[in-house]
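Heads up, the thing below is written out as structure tokens.
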């Protein structure tokens, strides 16, 4: 990655990656929060065994796509694969939050979203270079 040797390119890369991650974590946090606050959805997720089967299948698909096919590294496929990962994790976290009735996933993904947003905002400063000695 020779294009990351320049400080402006590196900060732009950091800004883009961490903004995408903060948006993804915020979407996952909101899906878990919606599953906890909506009583009908929560009881539906708790009472249907098919949701747990679907959650397991989506976890296997996420692992298979992420490790085997390398589709997430090819340019036309990386945006749809990020969408698949986000939807899969939304389903996982909503189901886990509804089954356990705890706000742990909301706090974890909210904290991750805030930290990624903070790193993205820090990378907007032109003079800041984390790799300088």
By how many degrees, between 0 and 90 and to the nearest 10, does the Cα long axis of helix 104-122 differ from the longest principal axis of the chain? 20 degrees
Within a 10 angstrom radius of the beta carbon, how do 43, 95 rank from fewest other beta carbons to most? 43, 95
Taking Cα atoms, how many degrees apart are the long axis of helix 7-37 and the longest axis of the chain, rounded to 10 and kept between 0 and 90? 10 degrees
Here are some values of semi-axes √(5λ) of the Cα gyration tensor in Å: (1) 47, 18, 15; (2) 40, 25, 14; (3) 33, 19, 9. Which one was computed from this structure? (3)
If you stretched the chain out fully between residue 74 and residue 108, how much longer would it get, using 0.36 nm times the residue separation minus the C-alpha to C-alpha distance? 9.3 nm
At a threshold of 8 angstrom on Cα-Cα distance, excluding pairs fewer than six apart, so keeping six or more, what relative contact order does the chain reach in percent? 47 percent
Give, in nm to one decimal, the length gained when the segment between residue 9 and residue 100 is fully stretched (0.36 nm per residue of separation minus the Cα-Cα distance). 28.4 nm
Honestly segment 15-60 on the Cα gyration tensor test (a ≥ b ≥ c root eigenvalues; a/c under 1.5 rounded, otherwise a/b vs b/c for prolate or oblate) is just oblate
Sorted peptide list for 78-91, 49-62, criterion being average Cβ within 10 angstrom, highest first: 78-91, 49-62
Pairwise label distance in nanometres, residue 60 with residue 37, each label 7 Å out on the Cα-Cβ vector: 3.5 nm
Roughly how tilted is helix 49-64, in degrees to the nearest 10 and between 0 and 90, from the longest Cα axis of the chain? 20 degrees
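No lab work stands behind these numbers, since they all come straight from the coordinates. Model, not experiment: these values are computed from the prediction. For neighbour counting, all protein chains shown are included, and Cβ atoms are generated from backbone atoms with ideal geometry for every residue, glycine included.
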